[in-house]
Amino acid sequence: MPAPWQGILKKIDDYRWEIPESYKQGMSVPGLIFASETMLGHIWEEQVFQQVANVAFLPGIVGRSLAMPDIHWGYGFPIGGVAATRVRDGVVSPGGVGFDINCGVRLLRTNLTEGEVRPKIEQLIAELFVNIPSGVGSKGKIRVTEKELDEVLIKGTITITEMP
């Protein structure tokens, strides 16, 4: 019996599978899944390929909607998914940079320019590493109550306006 993805996914080689733009009307680019055929079975069962196709709809997306071998179901954007978008008409999707528990990746908005940040990039990275918990069971320096967390979720967070 043929695999259920035959006729939908195009096998490029043993570890690359393409979802053509024709899969869903409105896809701007094809999807590309990096996985063995064995892994593809699990990806197919979880329907994660659908999320890879959905990412191909993002405004300004270029190249392909990519799925790394560790791909699994996310909140709209698959965990392990990658997409690049143009500055002119693209987007930055928080789902694309992660909000999976303990994934260690977050979206931060600032009014700082590259010119202001670049001279202090090493210091900034070191401070972020020290001050942002990552990994299973890690705890941060800042403790918030459930009420305070709800307030942040409703009102948002502060904007960093200058470097220390």
Using the Cα centre as the reference, give the magnitude of the dipole from point charges on the C-beta atoms of the range 8-64 (Lys, Arg: +1; Asp, Glu: -1; all else neutral), rounded to the nearest 20 debye. 220
Ranked by how many other beta carbons lie within 10 Å on average, peptides 22-32, 74-84 from highest: 74-84, 22-32
When we measure straight from the Cα of Lys120, which aspartates and glutamates land under 12 angstrom away, once same-chain ones fewer than 8 places off are left out? Glu162
Inter-part gap, Cα centre of the range 10-25 to Cα centre of the range 53-72, in whole angstrom, is 12
Students often forget the sequence filter, so: which aspartates and glutamates lie under 20 Å Cα-Cα from Lys10 once same-chain residues fewer than 8 apart are removed? Glu18, Glu21, Glu37, Glu45, Glu46, Asp70
So for the range 1-101: antiparallel DSSP bridges make up what percent, rounded to the nearest 5? 75
Just to confirm a number: summing +1 for Lys and Arg and -1 for Asp and Glu over residues other than Leu66 whose beta-carbon lies under 13 angstrom from that of Leu66, what do you get? 0
Among the lysines, select those whose C-alpha is under 21 Å from the C-alpha of Lys147, and discard any that sit fewer than 8 residues away in the same chain. Lys139, Lys155
Once you have a ≥ b ≥ c as the square roots of the Cα gyration tensor eigenvalues for the range 11-87, tell me rounded if a/c is under 1.5, and otherwise prolate or oblate according to whether a/b is larger than b/c. prolate
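The numbers here are math on the coordinates, done by the rules we state, and not lab data. If you're wondering where the values come from, they're calculated on a predicted model, not measured in any experiment. Methodologically, a virtual Cβ is constructed for each residue, glycine included, from the backbone with ideal geometry; neighbour enumeration extends over all protein chains shown.
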